[in-house]
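To keep things clear, I will list the structure first and then write my remarks on it.
The values are calculated or read from the model by the stated rules, or taken from the named source; none is laboratory data. Everything quoted here is computed from the prediction, not taken from an experiment. Please note: Cβ atoms are built from the backbone with ideal geometry, for glycine as well, and neighbour counts cover all protein chains shown. Surface accessibility is based on the protein's heavy atoms, side chains included, excluding ligands, DNA and RNA. Shrake-Rupley method; radii C 1.70, N 1.55, O 1.52, S 1.80 Å.
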Amino acid sequence: MLLLESLPTVIGAAAIAPALLVLWLVIAADERPGPPARVWVAFLLGAASISLLGIARAPFNALLAIPGNPWMTQALRSLFGVAAPEEIVKVLVIVAVSARRRTFADPMDTVVYGAAAGLGFAAYENLAYLVQHADMWRSLAALRSVLTVPFHGALGIIAGAYLAIARAGTALGAHRHHRDWARISSLILVLFAPIALHAGFDFPLLTLQKNSDLSDTTRLILGSASVLIGFSSIGFAVRLVRRVGRHHAPRTELARERLSQLRRMWALLVAGGGAGFAGVAFLLTSLHHWFINPERNASLVLVPIGLTSILIGFALLVATTAVYVFGRNRMRTTSEGFSSAPGQG
């Protein structure tokens with residue numbers, strides 16, 4: 001077997017790249033990103049948490065079926081067989097990683113850790129799905145990168161945001177006259193909000209998989225409901241990110257301009273990484289087709305396109321990284337600095 005066939009290089013890149021790109025975008029939304037090592041620990045622990053699903057499912061095994069009622073059975077499986085175990089292990093990761101916080105820690109750090117844990121889980125799950133369905137990995141990767149991967153990241157963001165709100169209390173907009181209830185309700189929502197959204201997303205999909213005799217109208221309604229819940233959850237996560245970030249936004253025009261410049265740099269880094277990833281995937285796929293079907297000379301003509309994309313991505317990454325590093329260091333040595341960073345010049 002050829003090396004390109006035996007090693008799922010392109011499949012692995014297609015599985016992991018969407019999660020990394022979404023994580024990068026979440027980090028770019030943070031004014032003062034937390035320690036990079038802790039972000040990657042959250043990502044890796046989120047991926048590793050899949051190994052704990054068997055333990056997390058064990059308490060719910062007796063609740064997964066109601067004989068004679070297939071609709072309730074699917075609802076229970078969505079809630080207790082999929083959503084609850086997966087969100088429990090992800091929340092445990094978020095709590096563990098954010099337990100030891102820095103002095104003056106930005107609440108957005110917990111949001112980023114939540115995104116990292118959810119996207120790490122999504123990356124591993126994505127890889128398992130694509131390897132399992134290698135015959136249709138391209139279309140499956142495209143569909144999952146658009147909705148499923150961001151959805152898992154959104155659930156992690158929601159858990160992290162409510163944890164940050166519970167810890168910060170009234171500092172993040174909780175009602176000042178009911179701060180104890182606000183803290184308790186936020187702690188409850190850390191777990192129950194992701195579980196409810198996840199169960200609502202999975203129930204229509206599981207019903208479609210288990211009931212092939214449904215009418216076209218019913219199938220359309222179920223599919224649309226799942227897509228609507230998925231994108232609504234992503235939108236809700238974006239709203240929570242803005243809510244948490246708004247209370248720690250830079251206050252001066254100079255600080256806002258510097259943050260805007262940094263975000264443009266981060267956007268170029270994402271573009272460079274995406275171009276490089278696309279180029280590598282395109283190149284390896286073209287070479288794969290060339291070795292399998294030597295008579296198809298057109299595939300060799302397409303190789304320079306992949307190489308060009310790789311060069312463009314590499315140039316963007318190198319140039320933007322250099323500008324980002326030198327620009328960031330210069331900002332740190334400037335007396336004003338970011339006005340919202342306590343004790344920093």
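If only residues of the range 49-74 that are in contact (Cβ under 8 Å) with a residue 24 or more places away in the chain and within 23 Å of GLY118 (Cβ to Cβ) are counted, the one that is surrounded by the most Cβ atoms within 10 Å (Cβ to Cβ) is SER49.
In this structure, LEU21 qualifies as modelled with pLDDT under 90, among the hydrophobic types (A, V, I, L, M, F, W, C) and crowded, with 16+ Cβ neighbours inside 10 Å. Only one entry in ARG179, ARG183 is basic (Lys, Arg), closer than 25 Å to ALA96 by Cβ and either crowded, with 16+ Cβ neighbours inside 10 Å or modelled with pLDDT under 75 (or both), namely ARG183.
Screening MET1 with (1) at pLDDT below 80; (2) open to solvent by less than 50 Å² (accessible area, probe 1.4 Å) gives one miss only, at (2). Is at least one residue of the range 195-212 modelled with pLDDT of 90 or more, open to solvent by 30 Å² or more (accessible area, probe 1.4 Å) and either under 17 Å from the mean Cα position of the chain (by Cα) or farther than 26 Å from ILE88 by Cα (or both)? Scanning the range 195-212, I find at least one residue that is modelled with pLDDT of 90 or more, open to solvent by 30 Å² or more (accessible area, probe 1.4 Å) and either under 17 Å from the mean Cα position of the chain (by Cα) or farther than 26 Å from ILE88 by Cα (or both), so the answer is yes. Is it true that some residue in the range 108-120 is charged (D, E, K, R) and either at pLDDT 75 or above or part of a loop (DSSP other than H, G, I, E, B) (or both)? Among the residues of the range 108-120, at least one is charged (D, E, K, R) and either at pLDDT 75 or above or part of a loop (DSSP other than H, G, I, E, B) (or both), which makes the answer yes. Screening the candidates LEU222, LEU240 for the property of being at pLDDT 85 or above, farther than 30 Å from TRP71 by Cβ and surrounded by 14 or more Cβ atoms within 10 Å (Cβ to Cβ) yields one hit, LEU240.
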